[in-house]
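*Asks:* Take this structure first; my questions come after.
A short reminder: the numbers here are calculations on the coordinates, not readings from a lab. The structure displayed is predicted, hence computed values, not measured ones. Neighbour counts run over all protein chains shown; Cβ positions are idealised from the backbone, glycine included.
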There are 2 protein chains.
Amino acid sequence: MTVEGLPMAVPAANLPARVRIHEVGARDGLQNEKSTVPTEVKAEFVRRLAQAGLTTIEATSFVHPKWVPQLADAEQLFPLVAGLEGVHLPVLVPNDRGLDRALALGARRVAVFASATESFAKANLNRTLDESLAVFEPVVRRAKDEGLHVRGYVSMCFGDPWEGPVPVHQVVRVCRALRDIGCDELSLGDTIGVATPGHVLELLSALNEEGVPTNVLGVHFHDTYGQALANTYAALQHGVTTVDASAGGLGGCPYAKSATGNLATEDLVWMLQGLGIDTGVDLGRLVATSAWMAERLGRPSPSRTVRALSHKEQ
Amino acid sequence: MTVEGLPMAVPAANLPARVRIHEVGARDGLQNEKSTVPTEVKAEFVRRLAQAGLTTIEATSFVHPKWVPQLADAEQLFPLVAGLEGVHLPVLVPNDRGLDRALALGARRVAVFASATESFAKANLNRTLDESLAVFEPVVRRAKDEGLHVRGYVSMCFGDPWEGPVPVHQVVRVCRALRDIGCDELSLGDTIGVATPGHVLELLSALNEEGVPTNVLGVHFHDTYGQALANTYAALQHGVTTVDASAGGLGGCPYAKSATGNLATEDLVWMLQGLGIDTGVDLGRLVATSAWMAERLGRPSPSRTVRALSHKEQ
């Protein structure tokens, strides 16, 4: 769908022809909702996201229900969506036990969630940075032995609510460590939304120089200060082709103050479509999905595109 | 002010060292408020914006009160702020009568408001495009004879709610005409917020090719689809150094559906500060000003930065 022929597709120089959107709304989004969403609604959400053309949809997390009660139904949810054709359904696994559960259900892609800072490792995982990497190592090794694709999330890559600015070399160290233990892909998270384009480019260049190529990197921006899409544009110019986003802008992070607002998938798709970059996503169906989910959650979507287009349809 | 040392200043290549923010909140913002703001509150708003370091603050509009009742107090407001040192206070003048009123009060900078499309010229000005340009010609000529600086707004540069995508050559024609009649500066408006970076770059390049240099161009983006800051970043890369923004994200356009949300000055300043680009603006004072104004208006600021930082202070 385009809206009255808009956005007009006008390519810009030196951008990728195609971007893969890693959709995190069903996991990163819903895990931060106050109310628990019924399993069947989650499954329907994932199905509609797939029908809108998203091909990588992070489905849930096999974390202990005590920590994330919103996703305590992972065992029930995963089989409901596992049959979706042509769709990757990565799941988060915090440890060996989580990997057991994911493997038992036939998951083919998993993700581990690391931090670039000691403070957040402590707050989120209750471990030092090195301890948390040590926990991930056997998990990632076993996942690789089982033939799974493994993503490593690196949170707090730009700023940390306790430590302030995060030095680039510290992020590089964690990224290198995750690559060394076998992660196929890394997602660079701006968990508190403070990054700006020059900082993004500096980190990407530093990673390249230290042997982490752009084609294993995804970016994961939060819109806390409205910077997510500008940062994404800068990352695309650097050659990044994997972008995390959350349908309707759902989510945030309960352990980090001010960490409201993942980049909304719709705002991202509007820009990519305007740049003539292929995503495979049908913007109209995606907006309808997020409007539907916003009704289920009983509050308006924080995505500007969803608001503008839902308003238009009234 | 920086917030816990954030954003970290990390310059990127090929960007200007300094950007002039053309602050439109007091005019473009307040003219779209449902309730009329008391004159003294407006004056205090302008004073606080100046104290926050903004040096170009569009103060009001000398349009007929019948059309914009929110700014009917232009005669009372202007003298209250005219003495602010080191601050330019441009005012909008729709016609000869408006220019008379502005000149009588000693305004030194004026702006005319043109459209890139016939539909919007008709809807907003009730004239054809050529008729509206003919009306502006003697106004601009007289303003120049009086030694004033004249800005020409060009609205609907990227999309129009009635016509859809707006051809670049049509925008170029209007810009050329406004330059030919004497406008010192042009502001390229994405009134309905549909632009994406490639479209922005295409328009800027086309203008350059047709003899309109970048140093007379400002950009004026709306955040309807969340694209404003990414578009601004693209424009900066092209060499644009004048960016319109509205403190707290106030405003929109009552004559254009879905035209909610000017780019918030705070979100812009966050990015520019992060890029190490000098604006002269104190982000903390600016956020405090917008938070204060949001209280006067009785609703939260749509600026993400204002929301995040006001929340932090609680």
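*Asks:* Can you put A:73, B:282 in order of Cβ neighbours within 10 angstrom, beginning with the fewest? Walk me through the numbers before you get to the answer.
*Replies:* Details: A:73 19, B:282 16.
With the sparsest Cβ surroundings first, the list reads B:282, A:73.
*Asks:* A follow-up question, please. For chain B, compute the number of Lys pairs whose alpha carbons are separated by less than 28 Å, excluding pairs fewer than 8 positions apart on the same chain.
*Replies:* Counting lysine pairs in chain B gives 12.
*Asks:* Right, another one. Going by Cα centres, segment B:127-160 and segment A:85-142 are how many Å apart?
*Replies:* Cα centroid of segment B:127-160 versus Cα centroid of segment A:85-142: 60 Å apart.
*Asks:* Averaged over its residues, how many other protein chain Cβ atoms are within 10 Å of peptide B:8-18's Cβ atoms? Write down the numbers at each step before the final one.
*Replies:* Values: counts 13, 4, 12, 6, 9, 2, 0, 2, 0, 0, 0.
Counting Cβ atoms of other protein chains within 10 Å of each residue's Cβ and averaging gives 4.
*Asks:* Counting only DSSP beta bridges with both residues in segment B:1-140, tell me the antiparallel percent, nearest 5.
*Replies:* 10
*Asks:* Another one. How are the alpha carbon pair distances in segment B:157-314 distributed across 10 Å bins from zero to the largest one, expressed in percent?
*Replies:* 11, 38, 34, 15, 3, 0
*Asks:* Same structure, new question: Taking chain A as a Gaussian network, where each spring joins two C-alpha atoms under 10 Å apart, which residue of A:270, A:162, A:292 fluctuates the most?
*Replies:* Judging by the Gaussian network model, the answer is A:162.
*Asks:* Run the label-point distances for residue B:169 please: 7 Å along Cα to Cβ, every other copy, nanometres, shortest first.
*Replies:* 5.7
*Asks:* While we're here: Counting only other residues whose beta carbon sits under 13 Å from that of residue A:216, what net charge do I get with K and R as +1, D and E as -1?
*Replies:* 0
*Asks:* OK, next. I'd like the GluC sites (Glu not before Pro) in segment A:47-87 restricted to DSSP loop residues with at most 12 other Cβ atoms within 10 Å, sorted by number.
*Replies:* Working: sites: A:58, A:75, A:85; in loops: A:58, A:85.
Answer in residue order: A:85.
*Asks:* Roughly what % of DSSP beta bridges within the protein assembly as shown run antiparallel, to the nearest 5?
*Replies:* Values: 10 of 72 bridges.
For the protein assembly as shown, the DSSP antiparallel bridge percentage is about 15.
*Asks:* Right, another one. Between A:27, A:176, A:299, which gets the highest mean-square fluctuation from a Gaussian network model of chain A, Cα cutoff 10 Å?
*Replies:* In this elastic network of chain A, the residue with the biggest mean-square fluctuation among A:27, A:176, A:299 is A:299.
*Asks:* Kindly provide the helix-only [θ] at 222 nm of the protein assembly as shown, computed as the sum of -39,500 (n - 2.57) over DSSP H runs of four or more divided by all residues, to the nearest 500 deg cm²/dmol? Could the numbers behind the result be given before it?
*Replies:* Numbers: 20 runs with 238 residues, N = 628.
Computed ellipticity for the protein assembly as shown at 222 nm equals -11500 deg cm²/dmol.
*Asks:* What distance in nm lies between label points placed 7 Å from Cα along the C-beta direction at residue B:209 and residue A:208?
*Replies:* 2.9
*Asks:* Same structure, new question: Could you grab the relative contact order for chain A? Cα pairs under 8 Å, six or more apart, rounded to a whole percent. Can you show the working numbers first?
*Replies:* On the way: 648 pairs, mean separation 67.2, N = 314.
It rounds to 21 percent for chain A.
*Asks:* Starting from the Cα gyration tensor of segment A:20-261, take the square roots of the eigenvalues, sort them a ≥ b ≥ c, and report rounded, prolate or oblate (rounded when a/c is under 1.5, otherwise prolate if a/b is larger than b/c, else oblate).
*Replies:* Working: a/c = 1.42, a/b = 1.29, b/c = 1.10.
Because its axes are fairly even, with a/c under 1.5, segment A:20-261 counts as rounded.
*Asks:* So in segment B:20-261, what percent of DSSP beta bridges are antiparallel if you round to the nearest 5?
*Replies:* Numbers: 3 of 32 bridges.
Taking every DSSP beta bridge within segment B:20-261, about 10 percent pair in antiparallel fashion.
*Asks:* To make sure I understand, if each residue's beta carbon is the centre and we count other beta carbons within 10 Å, what order do A:172, A:200, B:91 fall in, fewest to most?
*Replies:* Working: A:172 20, A:200 29, B:91 25.
Ascending number of Cβ neighbours within 10 Å: A:172, B:91, A:200.
*Asks:* Where along chain A is the Cβ that lies nearest the axis linking it to chain B, and how many Å separate them?
*Replies:* Nearest to the symmetry axis by Cβ: A:230, 2.
*Asks:* If you don't mind, another one. Could you tell me the distance between the Cα centroids of segment B:1-44 and segment B:268-288, to the nearest Å?
*Replies:* Taking the Cα centre of segment B:268-288 as reference, the centre of segment B:1-44 is 8 Å away.
*Asks:* With springs only between Cα atoms under 10 Å apart, run a GNM on chain B and tell me which of B:241, B:128, B:232 wobbles the most.
*Replies:* Highest fluctuation among the options: B:128.
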